[in-house]
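**Student:** Below you'll find the structure I mean.
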Amino acid sequence: MELSGKRIVLGVTGGIAAYKAAELVRLLGKQGAEVQVAMTEGATHFVTATTFQALSGRPVYLDQWDARMPNAMAHIDLSRSADLILVAPASADFLARVVHGLADDLLATMVLARDCPLLVAPAMNRQMWENPATQRNIAQLQADGVQILGPACGEQACGEVGAGRMLEAEEIVEEAIAFFAPKVLTGKKVLITAGPTFEAIDPVRGITNLSSGRMGYAVARAARQAGAQVTLISGPVGLAAPQGVDRVNVRSALDMHAEVMVRAAAADVFIGVAAVADYRVANAADHKLKKDTGGIPPIELVENPDILAEVAAMAGGPFCVGFAAESRNLEEYAQSKRRKKNIPLIAGNLIQDGFGGDDNRLVLFDEAGVHPLTPAPKSVLARQLIEHIAHLTGSH
Ligand code: C5P
């Protein structure tokens with residue numbers, strides 16, 4: 001659980017996206033957060049307090065005249081004990097009130113009285129979002145240190161299409177986790193490869209492998225949460241791009257190589273997690289191979305470029321990290337790969353421990369020796385790997 005022990009005040013304001021806040025409470029709770037919901041009067045027209053009470057397991061605060069607080073100072077008590085105030089959805093009206101320091105309802109008063117950070121996820125009609133008044137307010141909030149999450153573009157409840165949709169609950173949870181993560185790679189540019197590659201035999205067939213991309217995606221997510229600017233060059237996988245990560249989709253090792261090489265010089269760290277095919281088909285057919293044309297079609301293989309070794313050989317290139325997936329002799333193979341590719345750090349795992357699943361067992365090999373990590377979900381291991389990289393690069 002990535003938000004264990006965090007106390008989050010979730011402010012819900014009036015807007016149709018308030019229904020998504022119910023799922024948000026559930027997901028924050030699932031990550032271990034203690035969620036205290038406070039609603040504006042407007043929000044109660046869209047979702048009832050009962051829904052939030054049931055999902056958060058706590059009574060919902062609705063107005064400043066609530067008699068439950070022993071000293072009648074709900075705005076102070078609630079916001080002082082919180083690690084974070086998150087307002088989702090944040091209406092145009094609510095944002096305007098925060099900009100002006102109004103304290104005309106409980107939530108606005110809590111925001112004004114807070115001594116913890118404030119994250120807001122705006123949700124409104126696209127024209128309200130684009131209105132210069134809203135844009136002025138957003139700029140002022142940013143200048144005041146408020147973090148703005150989204151909004152996303154897309155179809156709106158009113159039937160219009162544009163910017164103003166609230167981020168999905170899962171995305172807001174990601175942002176909350178990122179907010180609390182130690183910022184050990186702030187300002188660093190991190191380039192990551194992930195997933196398998198697909199080497200075409202003909203237009204419909206090819207050579208690939210069972211890499212799910214989960215480890216690489218977890219590393220990308222952890223790097224971004226650590227404050228890095230992350231580009232993920234991804235082979236064909238069925239995973240959504242991690243929030244805040246710039247993803248470039250590729251298919252073959254040659255495509256992956258090209259996309260990495262144009263970005264590698266500008267990167268501070270390169271992490272090759274992809275299971276890149278060692279060989280590609282030299283004589284890939286332009287049309288589908290037919291069975292009844294006599295004989296078994298010959299498939300000629302040629303070697304693919306070693307992307308990681310090439311980046312590691314660049315003068316003044318990024319700090320390079322490799323992965324070694326082995327079926328046996330992990331330490332011996334991983335260390336010899338590390339030396340052969342001339343990289344400072346390699347993360348090894350046995351294929352039977354990690355391929356395709358959510359958990360993995362990783363061992364880090366560097367100049368100093370061997371660092372086995374406790375078996376854990378890939379998200380946890382990815383964070384430990386990022387911390388190790390930050391340590392070795394002196395970023396932290
Ligand atoms: O050489 P081997 O595939 O065993 O090494 C694995 C490491 O090298 C991984 O980090 C992988 O992403 C990288 N690699 C690469 N390009 C290749 C082959 C492997 O970047 N053609």
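**Student:** Of the peptides 7-15, 113-121, 272-280, how do they stack up when ordered by the mean number of other Cβ atoms within 10 Å, highest first? If you can, show how the numbers build up before the last one.
**Tutor:** Details: 7-15: 25.7, 113-121: 18.3, 272-280: 22.7.
By packing density, highest mean first, the sequence is 7-15, 272-280, 113-121.
**Student:** Please report Rg over Rh for the range 7-180, where both radii come from the alpha carbon positions and Rh follows the Kirkwood definition. Don't jump to the answer; show the numbers that get you there.
**Tutor:** Values: Rg = 14.8 Å, Rh = 15.9 Å.
Rounded to two decimals, Rg over Rh is 0.94.
**Student:** Something else now. Let me make sure I get this right: for the range 254-357, a, b and c are the square roots of the gyration tensor eigenvalues over alpha carbons, sorted descending. Under 1.5 in a/c it's rounded, otherwise prolate if a/b > b/c, else oblate. Which is it? If you can, show how the numbers build up before the last one.
**Tutor:** Details: a/c = 2.67, a/b = 1.56, b/c = 1.72.
Taking the square roots of the gyration eigenvalues as a ≥ b ≥ c, the range 254-357 is oblate.
**Student:** Using C-alpha positions alone, give me the convex hull volume of the chain per residue in cubic angstrom. All intermediate terms of the calculation are to be shown ahead of the outcome.
**Tutor:** Values: hull volume 72.6 nm³, N = 396.
Measuring per residue, one finds 183 Å³ for the Cα hull of the chain.
**Student:** Residue-wise, which Karplus ³J(HN,Hα) couplings in Hz belong to the range 233-250, taking 6.51 cos²θ - 1.76 cosθ + 1.60, θ = phi - 60°, and x for glycine or proline?
**Tutor:** 9, 10, x, x, 9, x, 10, 6, 5, x, 3, x, 9, 8, 9, 10, 8, 9
**Student:** Sticking with this one: Can you say what percent of the DSSP beta bridges in the chain, counting only those with both residues inside, are antiparallel? Round to 5. Could the numbers behind the result be given before it?
**Tutor:** Numbers: 19 of 61 bridges.
Percentage antiparallel, nearest 5: 30.
**Student:** Continuing with the same structure: Compute the accessible area per residue over the range 189-393, keeping the other protein chains in place, probe 1.4 Å, unit Å².
**Tutor:** Details: 9870 Å² over 205 residues.
For the range 189-393, the solvent-accessible area averages 48 Å² per residue.
**Student:** Using amide H atoms built in the peptide plane, which far-off residues or other-chain residues are under 5 Å from I207 H to H?
**Tutor:** Distant-sequence amide H within range of I207: E199, A200, I201.
**Student:** Further question: I'd like the antiparallel share, as a percent to the nearest 5, of DSSP beta bridges with both residues in the range 7-180.
**Tutor:** Working: 4 of 21 bridges.
In the range 7-180, approximately 20 percent of DSSP beta bridges are antiparallel ones.
**Student:** Pairs of Cα atoms under 8 Å, at least six residues apart: use those to get the relative contact order of the range 7-180, whole percent.
**Tutor:** Normalised by residue count, the contact order of the range 7-180 is 23 percent.
**Student:** Using only C-alpha positions, report the orientation-averaged shadow area of the convex hull of the range 107-178, nm², one decimal.
**Tutor:** Averaged projected hull area, Cα only: 5.4 nm².
**Student:** Now for a separate question. Could you please state, rounded to a whole Å, how far the C-alpha centre of the range 95-166 is from the C-alpha centre of the range 288-362?
**Tutor:** 46
**Student:** Under 19 Å between alpha carbons, and skipping anything fewer than 8 positions from K291 in its own chain: which aspartates and glutamates qualify?
**Tutor:** D202, E300
**Student:** To the nearest 20 debye, what is the magnitude of the charge dipole of the chain about its Cα centre, counting +1 on the Cβ of each Lys and Arg and -1 on the Cβ of each Asp and Glu?
**Tutor:** Numbers: 36 positive and 43 negative charges, 82 e Å.
Its charge dipole is roughly 400 debye.
**Student:** In the P(r) worked out for the range 317-375, what percent of Cα pairs fall beyond 14 Å?
**Tutor:** Numbers: 851 of 1711 pairs.
Of all Cα-Cα distances in the range 317-375, 50 percent exceed 14 Å.
**Student:** So for the range 7-180, taking the charge dipole from beta-carbon charges (+1 Lys/Arg, -1 Asp/Glu), which of T13, A152, A163 sits furthest toward the positive end?
**Tutor:** Final value for the positive-end residue is T13.
**Student:** Could you state the accessible area per residue of the range 7-180 in Å², with a 1.4 Å probe and every protein chain left in place?
**Tutor:** Working: 7570 Å² over 174 residues.
Per residue, the range 7-180 has an accessible area of 43 Å².
**Student:** Shifting gears a bit: Residue by residue through the range 275-280, which ³J(HN,Hα) values in whole Hz follow from phi under the Karplus form 6.51 cos²θ - 1.76 cosθ + 1.60 (θ = phi - 60°), with glycine and proline marked x?
**Tutor:** Going residue by residue, I get 8, 7, 5, 5, 10, 10 Hz, with x marking Gly and Pro.
**Student:** For the chain, what does the relative contact order come out to in percent, with C-alpha contacts under 8 Å and a separation of six or more?
**Tutor:** Numbers: 848 pairs, mean separation 43.1, N = 396.
Relative contact order here is 11 percent.
**Student:** Another question, if that's okay. Looking only at M256, M128, M215, which one moves most when the chain is put into a Gaussian network model with springs between Cα atoms under 10 Å?
**Tutor:** M128
**Student:** Pop out the carbon and sulfur fraction of the accessible area of the chain as a percent, whole number, probe 1.4 Å.
**Tutor:** Values: 9530 of 18480 Å².
Roughly 52 percent of what the probe reaches on the chain is carbon or sulfur.
**Student:** Here's a follow-up. How about K183: which lysines have a C-alpha closer than 20 Å to its C-alpha, ignoring those fewer than 8 places off in the same chain?
**Tutor:** Within the straight-line cut-off, K183 pairs with K6, K378.
**Student:** Summing -39500 (n - 2.57) over the DSSP H runs of n ≥ 4 in the chain and dividing by its residue number, what mean residue ellipticity at 222 nm do you reach, to the nearest 500 deg cm²/dmol? Walk me through the numbers on the way to the answer.
**Tutor:** Numbers: 14 runs with 134 residues, N = 396.
Rounded to the nearest 500, the figure is -10000 deg cm²/dmol.
The values are calculated or read from the model by the stated rules, or taken from the named source; none is laboratory data. Just so it is clear, the structure is predicted and the values come from calculations on it, not from any experiment. All Cβ positions, even for glycine, are placed from backbone atoms using ideal geometry, and neighbour counts span all protein chains on display. With ligands, DNA and RNA removed, areas are computed over all heavy atoms of the protein, side chains included. Shrake-Rupley method; radii C 1.70, N 1.55, O 1.52, S 1.80 Å.
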